[in-house]
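Participant: Below is a structure I'd like to ask you about.
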Amino acid sequence: MSTRIPLPYSPKVLELFRNPKNLGPIPDADVVASAGSPACGDMIRIYLKITRRGGKDVIEKASFESYGCAANIAAASILTEMVKGKSVEEAWKITWKQLSDELGGLPPIKYHCSILAVGALKRAIRQYYSKKKNKPKWLPEQLTPDEKQVLEEEEMIERYYKFSKP
């Protein structure tokens, strides 16, 4: 008999895990970025197709690839739904907490899944503008607390993985 207790996932997390939206690469993506660690699990790769519309950069298409648990897949899936049609500036403002709330909440042990999804998005946005001559004024020069949190998550995962190796 297993001593593992199932995590209390919301119906939305379970639905998106079973039927993820926007899964797979975008062949003509303008930018691709990842967050997480392939060494031990959770990893998210975000693809964005961005167009100029009404004087703003708008996310026309968004998709993802994920290696990880149900929460990881659901977080990446809902993120792609949340950013489609938004300006890049609006997408930049999405937080891991908003993502978790949109999923109907995540167990605290799975918050890192929404942190990684938002981290991949922010990396994609930074990468997109790194190719441009004029960076928007709303994009900070320094890493934001959300971006630093992703780096800390990745470092923690790597340390744990190295520690747990026989």
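Every read-out reported here was derived from the displayed coordinates using simple, explicitly stated rules and does not represent laboratory data. All values derive from a computational prediction rather than experimental measurement. Because the Cβ atoms are built from the backbone with ideal geometry, glycine has one as well, and the counts that use them run over all protein chains shown.
Participant: Relative to the present Cα-Cα distance, how much length would full extension add between residue 101 and residue 53 at 0.36 nm per residue of separation? If you can, show how the numbers build up before the last one.
Facilitator: Numbers: separation 48, 0.36 × 48 = 17.28 nm, distance 2.91 nm.
Contour length minus the Cα-Cα distance gives 14.4 nm.
Participant: Let me ask something else about it. Measure up 110/162; 12/148; 131/162 against 32 Å on the Cα-Cα distance and list the ones that go over.
Facilitator: Numbers: 110/162 21 Å; 12/148 28 Å; 131/162 35 Å.
Checking Cα-Cα distances, 131/162 exceed 32 Å.
Participant: Would you mind calculating the relative contact order of segment 2-90 from Cα pairs under 8 angstrom and at least 6 residues apart, reporting the percent as a whole number?
Facilitator: Values: 156 pairs, mean separation 26.9, N = 89.
Relative CO of segment 2-90 lands at 30 percent.
Participant: Computed over the Cα atoms of the chain, what is the ratio Rg over Rh, Rh following Kirkwood? Before the final figure, lay out each step's value.
Facilitator: Working: Rg = 16.1 Å, Rh = 16.3 Å.
For the chain, the value is 0.99.
Participant: If I take R0 = 35 Å and measure r between the Cβ atoms of residue 28 and residue 159 in this structure, what FRET efficiency does the formula 1/(1 + (r/R0)^6) give, to the nearest 0.05? Don't skip to the answer; put the middle values down first.
Facilitator: Working: r = 37 Å, r/R0 = 1.07.
E(calc), rounded to 0.05, equals 0.40.
Participant: May I ask you to list the residues of segment 11-34 whose amide nitrogen lies under 16 Å from a point 7 Å from Cα along the Cα→beta-carbon direction of residue 130?
Facilitator: Residues 30-34 fall inside that zone.
Participant: Taking 2.2 N^0.38 Å as the expected size of a compact globular protein, what ratio does the Cα radius of gyration of segment 10-69 give against it, to two decimals? Walk me through the numbers before you get to the answer.
Facilitator: Details: Rg = 13.7 Å, N = 60, 2.2 N^0.38 = 10.4 Å.
Compared with the compact-globule rule of thumb, segment 10-69 sits at 1.32.
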